[in-house]
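Chemist: Submitted below is the structure of interest, expressed as structure tokens.
No lab work stands behind these numbers, since they all come straight from the coordinates. Keep in mind that this is a model prediction, so the values were computed, not measured. Heads up, the Cβs are rebuilt from the backbone with ideal geometry, glycines too, and the neighbour counts pull from every protein chain shown.
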């Protein structure tokens, strides 16, 4: 098997104050653990073959939040971490791992959308994007948004930030620097977690006039 698309899902929508832990866990089990089990069952096979295409399904609720969907949002966001790690581990085996963030009218959403919107959000408009993500020329580690024939890429970026020291290295100093911390100019993607560690060490060393601990 060369292709795996993880799309199983359920809803148990309630505000966090009202949701039961049983329903919270059910949603996590289906969306997150369901994807983990199917991927784990095929991973070694794909490694041995030196080829694989895996797609996880995320949602705007996981990326941006949606009222009453704490369980669903948590489940969908957790798949992002899985995708990020497996895209790194699978790279040398030609296993490409991506996420599809579809916006479509389905049985789960029919009662929430007006009829004219349902017509626009035909699930068939998402299919071309999915087929790209499972193709031989697929990218890897991409979050592809798709809906109504529209396609976008969602990225997690980190701002350039600021290095604090001395008296400024305090809660008051962080609050005073919040404008710089949140300034989007110079923001960039981190290729992996260690890249963030290197960035912080470099910034701190430069702020203190110290030799860089390593070369980028």
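Chemist: First check a/c for the range 9-130, with a ≥ b ≥ c the square roots of the eigenvalues of its C-alpha gyration tensor; if it is under 1.5, answer rounded, and if not, answer prolate when a/b is larger than b/c or oblate otherwise. Write down the numbers at each step before the final one.
Modeler: On the way: a/c = 2.60, a/b = 1.46, b/c = 1.78.
Oblate shape, in that a/c is at least 1.5 and b/c is the bigger or equal ratio.
Chemist: Taking 7 Å along the Cα-to-C-beta vector as the label spot, tell me the residue 207-residue 92 distance in nanometres, rounded to one decimal.
Modeler: Distance between label points: 3.5 nm.
Chemist: Quick one: compute the contact order of the chain, relative version, from alpha carbon pairs under 8 angstrom and 6+ residues apart, as a percent.
Modeler: On the way: 315 pairs, mean separation 32.9, N = 216.
Computed over the chain, the figure is 15 percent.
Chemist: Short version: what are the Cα gyration tensor semi-axes of the range 166-207, square root of 5 times each eigenvalue, largest first, in whole Å? Before the final figure, lay out each step's value.
Modeler: Values: eigenvalues 89, 43, 15 Å².
Taking √(5λ) for each Cα gyration eigenvalue gives 21, 15, 9 Å.
Chemist: Output the 0 to 90 degree angle, nearest 10, between the alpha-carbon long axis of helix 70-90 and the longest principal axis computed from the alpha carbons of the chain.
Modeler: So the inclination is approximately 70 degrees.
Chemist: Which distance in Å, rounded to a whole number, links the C-alpha centroids of the range 182-197 and the range 24-59?
Modeler: Measuring centre to centre over Cα atoms gives 27 Å.
Chemist: Among 26, 155, rank each residue by its count of other Cβ atoms within 10 Å, from fewest to most, as a rough exposure measure.
Modeler: Values: 26 15, 155 11.
So the residues, fewest neighbours to most, are 155, 26.
Chemist: Write down Rg/Rh for the range 68-191, rounded to two decimals, with Rg from the C-alpha atoms and Rh from the Kirkwood relation over Cα pairs. Each step should come with its number before you reach the end.
Modeler: Details: Rg = 19.5 Å, Rh = 17.7 Å.
Using Cα coordinates only, the ratio equals 1.10.
Chemist: Could you work out how far helix 193-207 tilts from the main Cα principal axis of the chain, as a 0 to 90 degree angle to the nearest 10?
Modeler: Helix 193-207 sits roughly 20 degrees off the main axis of the chain.
Chemist: Based on the Cβ-Cβ distance from residue 118 to residue 28, what FRET efficiency comes out when R0 is 35 Å, to the nearest 0.05? Spell out each step's value before the answer.
Modeler: Numbers: r = 28 Å, r/R0 = 0.81.
About 0.80, to the nearest 0.05.
Chemist: Between residue 152 and residue 3, what FRET efficiency comes out of the Förster formula 1/(1 + (r/R0)^6) with R0 = 25 Å and r the beta carbon distance, rounded to 0.05? Write out the running numbers ahead of the final one.
Modeler: Details: r = 23 Å, r/R0 = 0.92.
After rounding, the FRET efficiency stands at 0.65.
Chemist: Let me ask something else. Mind listing P(r) for the chain? All alpha-carbon pairs, 5 Å bins, whole percents.
Modeler: In order of increasing distance, the bins hold 1, 6, 12, 14, 15, 14, 12, 11, 8, 5, 2, 1, 0 percent.
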